[in-house]
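Novice: Dumping the structure here so I can ask a few things about it.
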Amino acid sequence: MLKNLQNHINKNLAFLNESKILIAISGGIDSVVLTHLCHQLKLNIALAHCNFHLRGEESNGDEESVKQLAEQLGLEVFVQNFDTENYAKTNKQSIQIAARELRYNWFEDLANQLEFDYILTAHHADDNLETFLINFTRGTGLEGGLTGGIPEVNTIFVRPLLPFSSETIEHYAKANNITWRDDSSNASTKYVRNKLRHNLIPILKEINPSLLQSFQTTLSNLRDTTDLVKDSVDNLLSKAIVSQDDDKTVFKISEFKSLRNPKAYLFEVFKDYGFTEWNDVLNLLDAESGKQLFSATYRLIKNREHLLLSEINNETEENILISKEEKQIESPFGLLFFDEADAIFGKRTEVIYVDADTLEYPLILRKWEDGDFFHPLGMSGKKKISKYLKDEKLSLLDKEQVWVLCSNNAIVWVVNRRADNRFKVTENTKNILKITLQ
């Protein structure tokens, strides 16, 4: 096994040969064997052990065994003690999630403080199979799910034992008289991973003695398929995305509907935004304009021939009061400038000229509301803002970003769109106010 690991590192993880390495060690067989192997290969290693205090004296025994191994091999060792149960309660997490979070956060802090290049964990081929089966039972897609398994390299975390089975690791330990600690919790079938390890996987191995090799082949084939899927989705997005900015991404519906299996593509495009009801997403393609779907953090809107994807913003924006003395106001959509003018020059949506003497202060800048109306400049009579925005063919998202400038409850300007007739400059106007959006 030593020779095979050396070949694997030289071929696929050569950067470890010149790196300062921290090994995450529990005291169990996998991490102890990994430590012995890395020491044999003369890698620059130190050890890091977490005592979660979940198994009484057994946890303390694990810590002591790690310290003895470090002394035996002449290695530096770091030990951190955690009140895991209290942390889990405080953060309303399961013990497993809490322990994982505490463990990885500490490893990363240690690596940053002491400038370790990489952290090795002792995950092996059987762990990878278990992770695959867990993802499979939960229902997942190819990328990051069935093909993801446990990544061999993930930022600073490296798993050099992934190609090796638990059987190979145990054989090496016994052949080299290596001692280790058995975690009694691993025998329990309380957790899903242990149920798979003790109940299901032995049956699968009985059916197929070469299960792990077959699994590695299947995983490789699935990863190749993932590459094909990614290329196909990238090709679709190059045609389907009409525009993209900080507020929204606009997709052309016709590009999805032209596909043989649009539902599959919708899943690949929108899965990372928290959507889960894929029949509803599919039905959105033919829904009425204005129909919306929500995930916890995003929403998807049908807008005529497009789908609009935007992040949900729960912040409420307050009204802005503008006194007569103010010449410049910062707003959520830009700067407003208030200047005296001698005459009207040109017509632009971002600039209006009003009769200054018709204004009552303070002016109010706010989001438009249902029931608002104004008298569009150049038209006779009044019009509801909602009707005006509909006639302008604004999407639901764009409508939500419309602000109005008001004087004593009367709308002076639908900002950056249309001025109000009641405040226009006439031949009787004595003082002209120019309002500019930049």
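The values are calculated or read from the model by the stated rules, or taken from the named source; none is laboratory data. Bear in mind that the values here come from a model prediction, so they are computed numbers and not experimental data. Positions of Cβ are generated from backbone atoms using ideal geometry, with glycine treated the same way; all protein chains shown enter the neighbour counts. All accessible areas refer to the heavy atoms of the entire protein, side chains included, with ligands and DNA or RNA removed. Shrake-Rupley method; radii C 1.70, N 1.55, O 1.52, S 1.80 Å.
Novice: Quickly run through segment 325-353 and pick out the residues that are exposed (fewer than 13 other Cβ atoms within 10 Å of the Cβ) and either of a type in the set (Lys, Arg) or assigned to a strand (DSSP E or B) (or both).
Specialist: Lys327, Gln328, Glu330, Leu335, Asp339, Glu340, Lys347, Arg348 - these are the residues of segment 325-353 that are exposed (fewer than 13 other Cβ atoms within 10 Å of the Cβ) and either of a type in the set (Lys, Arg) or assigned to a strand (DSSP E or B) (or both).
Novice: Continuing with the same structure: Looking at Glu277, Glu325, Glu330, which is the one that is assigned by the TED database to the domain that holds Val402 and farther than 23 Å from Arg417 by Cα?
Specialist: It is Glu325.
Novice: What is the number of the single condition among (1) surrounded by 13 or more Cβ atoms within 10 Å (Cβ to Cβ); (2) under 22 Å from the mean Cα position of the chain (by Cα); (3) of a type in the set (S, T, N, Q) that Asn283 does not meet?
Specialist: Result: Asn283 fails condition (2) only.
Novice: I would also like to ask the following. Which count do you get for residues in segment 371-402 that are in a strand (DSSP E or B) and open to solvent by 10 Å² or more (accessible area, probe 1.4 Å)?
Specialist: 3
Novice: Do you know which residues across segment 161-195 are farther than 23 Å from Ile119 by Cα and among the acidic types (Asp, Glu)?
Specialist: Glu167
Novice: Looking at the structure I just gave you, is Ala88 open to solvent by less than 40 Å² (accessible area, probe 1.4 Å) and closer than 23 Å to Asn17 by Cα?
Specialist: no
Novice: Further question on the same structure: Within segment 286-304, count every residue that is open to solvent by 50 Å² or more (accessible area, probe 1.4 Å), touching a residue at least 60 places away in the same chain (Cβ under 8 Å) and in a strand (DSSP E or B).
Specialist: Residues meeting the conditions: 1.
Novice: I'm trying to understand the selection: among the residues of segment 227-240, which are under 20 Å from the mean Cα position of the chain (by Cα) and either in a strand (DSSP E or B) or of a type in the set (D, E, K, R) (or both)?
Specialist: Lys230, Asp234
Novice: How many of the residues making up segment 230-285 are touching a residue at least 60 places away in the same chain (Cβ under 8 Å) and of a type in the set (Val, Ile, Thr)?
Specialist: Total meeting the criteria: 2.
Let's see how each residue does on (1) assigned by the TED database to the domain that holds Ser26; (2) open to solvent by less than 20 Å² (accessible area, probe 1.4 Å); (3) modelled with pLDDT under 95:
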site	(1), (2), (3)
Ile119	yes, yes, no
Glu143	yes, no, yes
Thr147	yes, yes, yes
Thr155	yes, no, yes
Leu162	yes, yes, yes
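Novice: Which residue out of Ala70, Ala98 is in the same structural domain as Thr35 (by the TED database), under 29 Å from the mean Cα position of the chain (by Cα) and free of Cβ contacts under 8 Å to residues at least 24 places away in the same chain?
Specialist: Every option except Ala98 fails the conditions.
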